[in-house]
Amino acid sequence: MSDTKSSRLEYLQGQIERITYTNEENGYTVARVKVRGRRNLVTVVGNITSPLAGQVLKMKGEWTEHPKFGEQFKAVFCECSVPATSAGIQRYLGSGLIKGIGPVMAKCIVSRYGDQTLDVIDKEADRLIEVGGIGQKRIDKIKKAWEEQKEIREVMIFLQGHGVSSTYAGKIFKTYGKHSIQTVQENPYRLATDIFGIGFITADKIAQKLGFSPESGFRIQAGIIYVLHQLSDEGHVYYPGQDLVQKAAEILKVDESLVAGEIESLKALQHIVVENLPGHEQDAVYLAKFHYSEKSIARKLKKLISSPKSIRSVDTARALEWVQNTFSLSLAAKQAEAVETALKDKVLVITGGPGTGKSFLLNAIIKIISRLKAKIILTAPTGRAAKRMQESTGYKAKTIHRLLEFDFQKGGFKKNEEHPLNCDLLIVDEMSMVDTVLMHHLLKAVSLYTTLVMVGDVNQLPSVGPGNVLKDIINSGSVPVVELNEIFRQARESSIIVNAHLINQGEFPRIRPRQDKLDDFFFVQEEDPQKVLEKIKHIVTERIPQRFSLHPVDHVQVISPMNRGLVGVNNLNAELQTCLNPQGREIIRGGKAFRQGDKVMQIRNNYDKEIFNGDIGVIMFLDLEQQEIRVRFDERQVVYDYSDLDDLVLAYAVSIHKSQGSDYPAVVIPLLTQHYIMLQKNLIYTGITRGKNLVVLIGTKKALAIAVRNAKTLERYTYLDRRLSFSASELI
């Protein structure tokens, strides 16, 4: 900045009253500041390092006029310092600085020690015993938290000194403790693999500020791993070697020969596996765990198929007759075929869309097998899918993760080859959601005598994680497959089911509502994104609750094809939160406000809390003093520390991918041509089949037609279907 421009900047000092918004990535903050001589609070915007209410801000900047929010002070230079006044200290302590001191306790402490409070906490913390309500246990907790804050501050200063946002300091300190600065100095690229939320891009920025060469081996290796993880996020289990070299070199802006060399280094370190696949021009490059998992699935399935079963043989004709008499219902031809195959073979796939009788079929299989005194286990990838399975069969069902029992000491699942699942029949529902790594762990725990029945809709989206397990198993031809394609009479009464099948067949759905009764499928024509947004808010908050008596938070789920944009998941959540839960106790993390009563989703597996990616809950309580929130997931409540909140996002709206394995009484889906890249048949089919009682599409017929006609899906690089044809020696 030139001296002329710098001289035009005004100086302003004030105390932060509250933080309206802060972005943890870059420190951009909107704060309301009390400035002496001004009656109203001043809105300050700019990059402020880890701001807290009560802090004193010394700023240089300029006054601007925002078209929507009015007068603002745009800070160019900014410095925070601890408050000196009692009122400021009280606000500062009560803002969540120290775990164990909330607004009420802060008031009590400051009432006792006034403007000497921070000195007392720093140098004579044991004196806090003089404050009513504080015992030795809490004093020890405050001492520990205060010391941690000081050490985190050191990490902050270190990061700031190298031009890096200090918002990562807490996470870095939580992972490495007193070795934080040393670890970052030695190899900042460790941050990308060790700390959730800090990816390669951020680690690379830190490394550059620390003087690491763009051609550093650490950098190129970390970059290759980063690219492979990005590709696995797209569903690939491996990637063609030369294509990977080109992609990584382009992202890293280095010569391809350097990337090729570091691929060899990573191979030697056993972080990756490079395999020459028969019939492929390029070598396949796998992250080691994906290669091991894919080979393990093929090996275990082949062993399972060829091993004898523990369920005794029965006369299938008599068994079919008995079960039909028991239910007073006849099995369709395909259902009868599935029952016979389940009784005869070791491994079976049952696939079919909604309304084709999968639940009735499972009940028939369970009824017969249980009569044979065989032990049965039911499982599904998500909590909602397991719950639905349990409700439809009356038989206890668990998620795969809970079934396998995570071992915190060893860092893996307790159920494995040494400690297998004790069952004669294992039924896995929603198999389309099971990815390569999860399938590997599940099969590790399956005894060779167990009969395995996999149930799923192969026309849905594939798993969020890498692989296309259900489709690959079906395509391999190594396992019996029964496809249910008959829609039963009762199901044909539902427009949701009829339209789902039309879409699956590439036909445009029936969008004119039925006249003979209240329909369960509606299409609202609107092409202007802003109007679509307004209509979604109206339909969710007023129309559906009034006409269908459904609760807008508990029973209605908005699902969108994309995360970004006006009607993407992120903006829809902000808008719907304002409509459905506009005020109350709140904390702001990473630019997101979490309020008591908010609908939230867990976005990664947390084995410690036994909460998994995609689980949806409601915030029941915010404890500002203990810096914790309580979230109710189904029948139990889970406590989150503030530092765990990166695991949560608002869930008034979720992506169609995240909605897999769940169903909701009502779903509302925006569908516009701006979603063009995501408009695929299996995406819309998956979205529509999430609705149990009501589906509302809002958008254009053109967008719907594009989706229905687009049967192409992004091809995933997997080799499981071919491996299932390998000999046992080839799979070692």
Scan of the stretch 538-573 for residues that are without any contact (Cβ under 8 Å) to a residue 40 or more places away in the chain, more than 20 Å from Leu672 (Cβ to Cβ) and outside any loop (DSSP other than H, G, I, E, B), ordered by number: Thr541, Glu542, Pro545, Gln546, Arg547
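Would you pick out the residues in the stretch 39-54 that are assigned to a loop (DSSP other than H, G, I, E, B) and open to solvent by 10 Å² or more (accessible area, probe 1.4 Å)?
Arg39, Asn40, Leu41, Thr49, Ser50, Pro51, Leu52, Ala53
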Can you pull out every residue in the stretch 97-124 that is farther than 19 Å from Lys34 by Cβ, touching a residue at least 60 places away in the same chain (Cβ under 8 Å) and part of a helix (DSSP H, G or I)? Val104, Met105
Exactly one of Asp204, Asp140 is part of a helix (DSSP H, G or I) and open to solvent by 60 Å² or more (accessible area, probe 1.4 Å), and that residue is Asp140
Does Gly617 satisfy the condition of being of a type in the set (Gly, Ala, Ser), out of contact with any Pro (no Cβ under 9 Å at 6 or more places or on another chain) and either closer than 30 Å to Ile139 by Cβ or part of a strand (DSSP E or B) (or both)? yes
Residues to consider are Leu697, Leu648; find the one that is without any contact (Cβ under 8 Å) to a residue 60 or more places away in the chain and either of a type in the set (Phe, Trp, Tyr) or open to solvent by less than 10 Å² (accessible area, probe 1.4 Å) (or both). Leu648
Single condition Asp608 does not satisfy, out of (1) surrounded by 16 or more Cβ atoms within 10 Å (Cβ to Cβ); (2) within 18 Å of the chain's Cα centre (by Cα); (3) closer than 27 Å to Leu404 by Cα: (1)
Going by what's in this entry, would Leu724 be described as within 30 Å of Lys302 (Cα to Cα) and touching a residue at least 24 places away in the same chain (Cβ under 8 Å)? yes
Would you say Pro509 is part of a loop (DSSP other than H, G, I, E, B) and buried (at least 16 other Cβ atoms within 10 Å of the Cβ)? yes
Looking for whichever is more than 33 Å from the chain's Cα centre (by Cα) and within 23 Å of Leu622 (Cα to Cα) here; the options are Arg127, Arg91. Which one fits? Arg91
Subset of the stretch 61-98, residues of a type outside the set (Gly, Ala, Ser), farther than 14 Å from Val42 by Cβ and open to solvent by 60 Å² or more (accessible area, probe 1.4 Å), comes to Pro67, Lys68, Val76, Phe77, Glu79, Val82, Thr85, Gln90, Arg91
Within the stretch 287-312, of all residues that are part of a helix (DSSP H, G or I) and of a type in the set (A, V, I, L, M, F, W, C), the one most open to solvent (accessible area, probe 1.4 Å) is Ile305
Among (1) at pLDDT below 95; (2) open to solvent by 70 Å² or more (accessible area, probe 1.4 Å); (3) of a type outside the set (Val, Ile, Thr); (4) within 26 Å of Gly565 (Cβ to Cβ), there is one condition His538 misses while meeting the rest; what is its number? (1)
Regarding the stretch 240-251, can at least one residue be identified that is part of a strand (DSSP E or B) and within 28 Å of the chain's Cα centre (by Cα)? yes
With respect to Asp519, is the statement that it is charged (D, E, K, R), in a loop (DSSP other than H, G, I, E, B) and open to solvent by 50 Å² or more (accessible area, probe 1.4 Å) true? no
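The values are calculated or read from the model by the stated rules, or taken from the named source; none is laboratory data. What you see is a predicted model; the values in this text were computed from it and never measured. Heads up, the Cβs are rebuilt from the backbone with ideal geometry, glycines too, and the neighbour counts pull from every protein chain shown. All accessible areas refer to the heavy atoms of the entire protein, side chains included, with ligands and DNA or RNA removed. Shrake-Rupley method; radii C 1.70, N 1.55, O 1.52, S 1.80 Å.
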